[in-house]
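This is the structure I want to talk about, given as structure tokens.
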Amino acid sequence: MLKIATRLAAIVTFTALAIWLFAERGRPLRRSTWRMIQEGRNRRWRTRQFIHSYLYARFPTEYIGYALKYIMPKFDARGRQSAADHYHGKVMPTELAKALVTVDRPIDVPDLEQIIPYSVARQLVLDGPPEVAAFECPCRMRKPEHCEPTQVCMIVGQPYVDFVLEHHPAKSKRLTTQEAVALLEAEHARGHIHAAYFKDVMFNRFFAICNCCSCCCGAVESMTRYGVPMIASSGYVAQVNTVQCAACGRCEDACPFGAIHVNGASSVDWQACMGCGVCVSQCPNDALSLARDERKGIPLDVKALHA
């Protein structure tokens, strides 16, 4: 037992040294790295958790690419659920995503399991209005041919914002509240999905809003290709007004989850629909809308959560 403990300690020490030499380039740890360490201590993190967190935040493109290529394909049913428990997103219609970046008072919701149905408890902790940084999407950048623009991932709250600004200055920029709202609206117009992301090594807290395209997004690929349930429904489902529907097919082409089919009129696959609202904005006849559906979970609505 002592030999195992000694070996693990050596591995952790070696990894920490490698981080310092190659990631921090032999310089003293940056201020944001110390803040991450302090935040971890406050939450009683272990060293391996910090190392995992650091590697994920410091090398996100490589991290996601490796996971999709080597880890996801090997999961059995238990592994797929475990992966979702520890790293997942919650789809949000545009208005709820905008409310999350414009909240005007501190938010501290300690248990979101009703909203995001995974076994690992999550927190929503924000100072209002939260600090936001736009970051180059690692999912898009891992592909030679990818969607544009790329600086569309939104890092929300501290210490994450300062970490990406300090460690990735060429790939990130601080956003005003108005700029954050404009980014969300522009991505929605492009037919992309807003998802609030939570990860265990990111202090079990909400840390980002990704604006995901179905062709590049690692979480969508994990769900559709490998059956890893990494994305939870918004709590809404699309519904069709058959009188107004012209069966043009634009909603079918736009749906990121393949949940809409046109045969004389549009129809929605309830099981596949994640309630993102992309189809609503793409319909030229206003024949689609989102309807609240309790069977799809509770929306991530900061105003309702903190009422």
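We did not get these values from a lab; they are worked out from the coordinates using the rules stated. None of the values given here were measured: they were computed from a predicted structure. Heads up, the Cβs are rebuilt from the backbone with ideal geometry, glycines too, and the neighbour counts pull from every protein chain shown.
Using the Karplus curve 6.51 cos²θ - 1.76 cosθ + 1.60 with θ = phi - 60°, work out ³J(HN,Hα) for each residue of region 49-58 in order, rounded to whole Hz, and write x for Gly and Pro.
5, 5, 4, 4, 4, 4, 4, 5, 6, 7
Tell me, what does the Kirkwood hydrodynamic radius of region 236-296 come to in angstroms if you use every pair of distinct C-alpha atoms?
Every distinct Cα pair counted, the radius reaches 11.1 Å.
A follow-up question, please. If amide hydrogens are placed 1.01 Å from N in the peptide plane, which non-local residues have theirs closer than 5 Å to the one on L175?
Excluding prolines and chain starts, which carry no amide H, the hits are V132, A133, A134.
Counting pairs of alpha carbon atoms under 8 Å apart in space and at least six apart in sequence, what relative contact order in percent does the chain give?
Working: 547 pairs, mean separation 60.6, N = 307.
Here the relative contact order equals 20 percent.
Can you pull the one-decimal nm distance between simple spin-label points at Y66 and Q244, each 7 Å off the Cα toward Cβ?
4.9
Residue farthest toward the positive end of the dipole of the chain, with Cβ of Lys/Arg at +1 and Asp/Glu at -1: which of T150, T242, C273?
T150
In addition: Suppose a student asked you for the relative contact order of region 161-307, using Cα pairs under 8 Å spaced at least 6 residues apart; what percent would you report?
Relative contact order of region 161-307: 21 percent.
How are the C-alpha pair distances of region 73-130 spread across 5 Å bins, as whole percents from the shortest bin up?
The calculated distribution, bin by bin, is 4, 16, 20, 21, 17, 10, 7, 4, 1.
Quick one: in region 31-232, what % of C-alpha pairs are over 30 Å apart?
When every Cα pair of region 31-232 is considered, 14 percent fall beyond 30 Å.
Still on this structure, I have one more. Count charges around L112 for me, please; just the other residues with Cβ under 14 Å from its Cβ, Lys/Arg as +1, Asp/Glu as -1.
-2
Pairs of alpha-carbon atoms within less than 8 angstrom and 6+ residues apart define the contacts here; what relative contact order does region 236-296 have, in percent?
The normalised contact order for region 236-296 reaches 47 percent.
Could you list D111, D162 so that the one with the fewest beta carbons within 10 Å of its beta carbon is first and the one with the most is last?
D111, D162
If you don't mind, another one. Report the net charge of residues surrounding C276, where surrounding means a beta-carbon distance below 13 angstrom and charges are Lys +1, Arg +1, Asp -1, Glu -1.
That sum, taken over residues with Cβ under 13 Å, equals +1.
Return the subset of K171/K199; K74/K173; K98/K296; K74/K303 for which the Cα-Cα distance in this structure is over 29 Å, preserving the input order.
K74/K173; K74/K303
So, one more: Tell me the mean residue ellipticity at 222 nm calculated for the chain from its helices only (DSSP H runs of n ≥ 4, each -39500 (n - 2.57), averaged over every residue, nearest 500).
Taken over the chain, the calculation gives -10500 deg cm²/dmol.
Could you tell me the center-to-center distance, by alpha carbons, between region 178-200 and region 33-86 in angstrom?
23
If you don't mind, there's one more thing I want to ask. Applying 1/(1 + (r/R0)^6) with R0 = 45 Å to the Cβ-Cβ distance of A170 and D111, what FRET efficiency is obtained, to the nearest 0.05?
0.75
Under a point-charge model restricted to the Cβ atoms of Lys and Arg (+1) and Asp and Glu (-1), what is the dipole moment magnitude of the chain relative to its Cα centre, in debye to the nearest 20?
Taking the Cα centre of the chain as origin, the dipole is about 1500 debye.
Quick check for me: using +1 on Lys/Arg Cβ and -1 on Asp/Glu Cβ, what's the dipole size of region 130-247 about its Cα centre, in debye to the nearest 20?
Computed charge dipole of region 130-247: roughly 220 debye.
When V243, V278, V262 are ordered from fewest to most other Cβ atoms inside 10 Å of their Cβ, what list results?
Ascending number of Cβ neighbours within 10 Å: V243, V262, V278.
Ok, one more. Residues with beta-carbon under 12 Å from that of M141, excluding M141: net charge, scoring Lys, Arg +1 and Asp, Glu -1?
Here the count lands on 0.
For D127 and A272 in the same chain, what is the full-extension length gain: residue separation times 0.36 nm, less their Cα-Cα distance, in nm? Walk me through the numbers before you get to the answer.
Values: separation 145, 0.36 × 145 = 52.20 nm, distance 3.44 nm.
Contour length minus Cα-Cα distance gives 48.8 nm.
Okay, moving on. Determine, from the Cβ-Cβ distance of E294 and K143 and an R0 of 41 Å, the FRET efficiency 1/(1 + (r/R0)^6), rounded to the nearest 0.05.
Details: r = 37 Å, r/R0 = 0.90.
For E294 and K143, the calculated efficiency is 0.65.
If the label point is 7 Å along Cα→Cβ of W34, which residues in region 180-204 have backbone nitrogen under 11 Å from it?
Correct set: none at all.
So for K173, K90, K199, fewest C-beta neighbours within 10 Å to most, what's the order?
On the way: K173 15, K90 28, K199 21.
Arranged by neighbour count, lowest to highest, K173, K90, K199 become K173, K199, K90.
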